[in-house]
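Written below as C-alpha cells is the structure these notes are about.
We did not get these values from a lab; they are worked out from the coordinates using the rules stated. None of these values were measured; they are calculated from a predicted model. Neighbour counts run over all protein chains shown; Cβ positions are idealised from the backbone, glycine included.
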Amino acid sequence: MTKKRFALVTGGSRGIGKAICMALARDHQLNILLNYRSNDQAAQLVKQEIEALNLSCDLLKFDVANASEVSEMLSAWKTENKESSIEVLVNNAGISDDGLFIFMSKDSWNSVLETSLQGFYNVTQSVLKDMLRARNGRIINMVSLSGLKGNAGQVNYSAAKGAVIAATKALAQEIGKRKVTVNAVAPGFINTEMTEDFDAEKYKQLIPLNRFGDPEEVASLVSFLASDRSSYITGEVININGGLYS
Ligand SMILES: NC(=O)c1ccc[n+]([C@@H]2O[C@H](COP(=O)([O-])OP(=O)(O)OC[C@H]3O[C@@H](n4cnc5c(N)ncnc54)[C@H](OP(=O)(O)O)[C@@H]3O)[C@@H](O)[C@H]2O)c1
C-alpha cells in the first residue's frame, strides 16, 4: 500500500505557517499535519481550506517548547497513522518579545529561545529517525534576518534564530548521506500579526523593494525547498527580504 504523505508544519494556523500549509498542499498534494498552540478557530479554518483541496489536515495542538507534549502527541499520531509518513518538516513556530537587552527579563529571554531553539530540537528529534530510515526527507527551518545580522531590541530573538541557523548547517552535514536535506529560510519584514504593530512607513524606506513581503512569497520559497527541484541544496540559509540584506 502506498503511504499517505504528510508535511508537518509547526505554527501552521496563522501568518507564514498558514501560507506554507496551503502551498505544500496545493503544489505537492501533501497532506498536512498542522501544529498550533492556542488559536483553535484559526487552525480549524486552515483545516477546512486544505480539506477543500481533497487532502487531509490533522490538527495537533501542542507547545513546541514542551518536550514531553511534543513527543507524546507525535508518537500518538504515528501510532494511529501507521500507513502515513512525514516527508517534510517545517519548523516555523516562533515568537518575538522585543525590548532592550538591559531591561530584558529572564522570562522574555527564555520564552523566545525555548520556542524557536528548543522547539526545533523537540520536533525535529521526533521525526528525524523515520526520515533517516526512509532515506528521504526535507527539513526547513524558519529563521530571520535578525538571526543573520542581529537586530537592536531583539537580542533574544536574534540569538534564537542565529542558533537555529548554526544547527541547520551542522545537522545538514550529519545527515546528508541519508538524503535528508536541512535548510533555513530567513525572511525580512513580512505582513503577519507579528509585524502588525511595526511602523511600516519607516521600515519600508530601508527596503529596496519598498514594501513588506507577503506570507505567500515566503511559502513559495519553502515549497521549492520541499520539492525534488531542490535536491542538491542543503545546509543553506536563503534570504527573502526585498533586498534589505544580502
Ligand atoms: N512576520 C515576519 O516579519 C517574520 C520575519 C522573519 C521571521 N519570521 C518567523 O516566521 C515564523 C512565523 O512568523 P509569523 O509572522 O507567521 O507569526 P504569527 O503570525 O505570530 O504566527 C505564529 C504561529 O506560530 C504558532 N505558535 C507560536 N508559538 C507557538 C508554540 N510555542 N508552539 C506551537 N505553535 C506556536 C501560532 O499558533 P497560535 O495562533 O495557536 O498561538 C501561530 O500559528 C516565526 O518563526 C517567525 O519568527 C517572521
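Only Cα pairs under 8 Å and 6+ residues apart enter the sum, and on that basis the relative contact order of segment 82-148 stands at 57 percent. Backbone amide hydrogens, once placed in the peptide plane, bring C57 within less than 5 Å of I32, excluding anything fewer than 5 places away on its chain. Between the residues L59, N39, T79, the greatest Cα displacement towards the positive end of the dipole of the chain, with unit charges on the Cβ of Lys, Arg, Asp and Glu, is found for T79.
Protection proxy ranking for 225-237, 78-90, using the average of other Cβ atoms within 10 Å per residue and placing the highest first: 78-90, 225-237. GNM remark for the chain: springs join alpha carbons under 10 Å apart, and the peak mean-square fluctuation among G94, G150, G119 falls on G150. Each part gets one Cα centre, and for segment 166-194 versus segment 1-52 those centres are 19 Å apart. Using the alpha carbons alone, the radius of gyration of segment 1-146 stands to its Kirkwood radius in an Rg to Rh ratio of 0.99. Computed over the chain, the range of Cα coordinates on each principal axis works out to 55, 38, 34 Å, biggest value leading.
Between F101, F62, F120, the residue with the greatest mean-square fluctuation in the GNM of the chain (Cα pairs under 10 Å linked by springs) is F101. With θ taken as phi - 60° and the Karplus curve 6.51 cos²θ - 1.76 cosθ + 1.60 applied, the whole-hertz 3J(HN,Hα) list for segment 28-34 is 10, 6, 8, 6, 10, 9, 9 Hz, x standing for glycine and proline.
Using a Gaussian network model on the chain with a 10 Å cutoff between Cα atoms, which of Q125, Q44, Q205 fluctuates the most? Sorting by GNM fluctuation, first place goes to Q205. Which pairs break 27 Å Cα to Cα here: K78/K149; K106/K129; K82/K161; K47/K149; K149/K169? Checking Cα-Cα distances, K78/K149; K106/K129; K82/K161; K47/K149 exceed 27 Å. For segment 113-127, backbone phi angles converted through the Karplus equation (6.51, -1.76, 1.60; θ = phi - 60°) give residue-by-residue couplings of 5, 5, 5, 6, 7, 5, x, 4, 4, 4, 6, 5, 4, 6, 10 Hz, Gly and Pro being listed as x. Taking the Cα centre of the chain as origin and assigning +1 to Lys and Arg Cβ atoms and -1 to Asp and Glu Cβ atoms, the resulting dipole is close to 1020 debye.
Per-residue 3J(HN,Hα) values for segment 42-48, derived from phi via the Karplus relation 6.51 cos²θ - 1.76 cosθ + 1.60 with θ = phi - 60°, read 4, 5, 4, 5, 5, 4, 4 Hz in sequence order (x marks Gly and Pro). For the chain, the 222 nm mean residue ellipticity estimated from helices alone, with every DSSP H stretch of n ≥ 4 adding -39500 (n - 2.57) and the total spread over all residues, rounds to -13500 deg cm²/dmol.
In this structure the amide hydrogen of F189, modeled in the peptide plane, comes within under 5 Å of the amide hydrogens of G213, none closer than 5 places in sequence on its chain. When only Cα pairs below 8 angstrom with a gap of at least 6 residues are kept, the chain shows a relative contact order of 20 percent.
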